[in-house]
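Before any comments, here is the structure.
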Amino acid sequence: MKKLLLALTAVIISVNLMAQGIEFEHGTFVEALARAKAENKLVFMDCYTTWCGPCKQLARDIFPQKEVGDLFNKQFVNLKVDMEKGEGPELAEKYGVKAFPTLLFMDSEGNVLHKVVGGTDVAGLIEHAGVAKDPSKQIGTMHKRYADGERDVVFLSEYIQALYGAYEREKMLPVGQEFIANTPKDQLANVNAFTVIGYSSALEYGSDTYQYIIANKEKFIAAEGIGQENYDGVMGQCVNAHLMKKAESTNSLDELMKEIEKVKEEFDSPQSSMMEGRIINTFYLSHKQYDNWFDASVRQAEEAGKQDARMGESILIQTAYQVSMDPQFAESGLYPKAIDMVEGLLKEDAENLAAYYCLACLYKCVGNKEKALSNVNAFMTKNVEKGGQNDARVEQLKKDIELM
């Protein structure tokens with residue numbers, strides 16, 4: 001009896017702990033709106049998919065927290081919607097949900113007040129709830145303020161970050177371009193101005209503004225809130241975009257290398273060598289030099305592996321997986337090379353889950369049903385043994401292989 005009481009107490013405690021988090025509705029979207037209207041609340045909608053890792057992390061670690069539940073259960077009607085099932089696809093189209101997780105904060109009419117794309121922590125989620133409740137910070141209000149002509153640099157910094165968080169990337173470039181065109185260069189060396197420039201990706205390589213920032217590097221780095229890391233990030237983004245375009249447009253690797261060296265005379269950073277590797281790879285792919293691309297990727301993985309073995313291994317897996325998934329490689333002849341490479345990784349580590357999944361995809365590409373099935377089954381078994389969960393993408397891969 002004592003053991004039974006202890007067991008029941010444990011169950012009650014467990015249930016109470018689970019109840020402390022966000023309480024999600026089990027009805028439809030329309031029903032959630034109706035309840036929100038009746039109770040004078042906003043609507044919080046978690047737009048997720050079963051295969052999304054950050055979605056699972058939110059559901060497992062963030063939504064169950066008491067601090068989150070206390071706030072959201074009081075102020076919001078909360079709804080979880082799988083964007084690939086039921087009314088999910090229709091809602092995804094209506095609200096432009098293209099990445100996961102997407103967290104939507106809406107009024108009872110279904111108008112989006114605030115939108116967040118990507119995972120967050122407890123403090124971040126609570127902060128976003130506060131933004132949704134504050135009319136001055138809601139994305140719709142900020143759109144109107146900008147449309148009405150507000151151009152204060154502090155506001156623009158907040159606006160560009162809100163656009164980024166809401167995944168409204170297409171609106172960011174025009175904001176940055178207008179800001180650069182209309183702002184005296186001697187007013188750019190402050191964190192708000194640099195935030196607008198960086199987030200919008202509006203800085204053009206070789207432009208007068210680019211030359212000014214290069215010539216006044218120390219002034220920008222010394223400015224409060226910018227520093228070396230942010231300076232390198234913004235300028236690296238600019239020169240990377242320029243060199244990527246060059247890699248795609250030029251027919252000469254020598255010409256591309258000369259341009260890379262020219263740029264390095266103006267701007268160099270600890271990430272330059274990694275960036276250079278990606279640019280060269282872009283050249284090879286743009287000109288369908290698939291063997292050169294593959295070999296260069298392997299060399300980059302080997303170099304990275306000297307500093308970080310996991311990083312080197314990750315680059316190899318990513319390279320092989322790209323071969324398996326990108327249609328341009330169908331006639332490249334790279335499947336056997338990619339298979340040999342990943343099989344080699346498995347010989348070194350028989351518990352490498354990514355290698356099993358990658359091999360399943362590669363063997364599917366070459367029509368080897370037996371080995372494809374063997375590897376996807378191995379992945380699924382080992383994944384569960386390690387505490388993982390086989391999501392819809394894995395199940396679909398297995399079904400596709402079984403139908404071969």
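The values are calculated or read from the model by the stated rules, or taken from the named source; none is laboratory data. What you see is a predicted model; the values in this text were computed from it and never measured. We place every Cβ from the backbone using ideal geometry, glycine too, and count neighbours over all the protein chains shown.
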Give me the pairs, please: first residue somewhere in the range 115-136 and closer than 19 Å to PRO54 by Cα, second residue anywhere and part of a loop (DSSP other than H, G, I, E, B) and among the aliphatic types (A, V, I, L, M), beta-carbon distance under 8 Å, and either six or more positions apart or on two chains. LYS115/ALA166; VAL116/ALA166; VAL117/ALA99; VAL117/ALA166; GLY118/ALA99
If you go through the range 168-189 one residue at a time, do you hit one that is within 21 Å of the chain's Cα centre (by Cα), surrounded by 14 or more Cβ atoms within 10 Å (Cβ to Cβ) and not in a helix (DSSP H, G or I)? yes
Can you name the number of the only condition in (1) modelled with pLDDT under 95; (2) in contact with a helix residue (DSSP H, G or I) (Cβ under 7 Å, 6 or more places away or on another chain); (3) of a type in the set (A, V, I, L, M, F, W, C) that ALA132 fails? (2)
Is it true that PHE72 is buried (at least 17 other Cβ atoms within 10 Å of the Cβ), more than 19 Å from the chain's Cα centre (by Cα) and within 23 Å of LEU163 (Cα to Cα)? no
Need the failing condition index for SER207 against (1) more than 29 Å from HIS128 (Cα to Cα); (2) under 20 Å from the mean Cα position of the chain (by Cα); (3) not aliphatic (A, V, I, L, M), just the number. (2)
Conditions: (1) in contact (Cβ under 8 Å) with a residue 24 or more places away in the chain; (2) at negative phi; (3) out of contact with any Leu (no Cβ under 8 Å at 6 or more places or on another chain). LYS85 meets all but one. Number of the miss? (1)
Can you work out which of the residues in the range 215-239 that are closer than 10 Å to VAL191 by Cα and small (Gly, Ala, Ser) is farthest from the chain's Cα centre (by Cα)? ALA223
From TYR363, TYR356, which residue is within 23 Å of GLY387 (Cβ to Cβ), touching a residue at least 12 places away in the same chain (Cβ under 8 Å) and surrounded by 19 or more Cβ atoms within 10 Å (Cβ to Cβ)? TYR356
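For the range 318-336, name all the residues that are in contact with a helix residue (DSSP H, G or I) (Cβ under 6 Å, 6 or more places away or on another chain), surrounded by fewer than 20 Cβ atoms within 10 Å (Cβ to Cβ) and not hydroxyl-bearing (Ser, Thr, Tyr). Lay out the reasoning, then the answer.
Applying the first criterion (in contact with a helix residue (DSSP H, G or I) (Cβ under 6 Å, 6 or more places away or on another chain)) to the range 318-336 yields 319-321, 323-324, 329, 332, 334-335.
Now narrow it down to the ones that are surrounded by fewer than 20 Cβ atoms within 10 Å (Cβ to Cβ): 321, 329, 332, 335.
Result: PHE329, single match.
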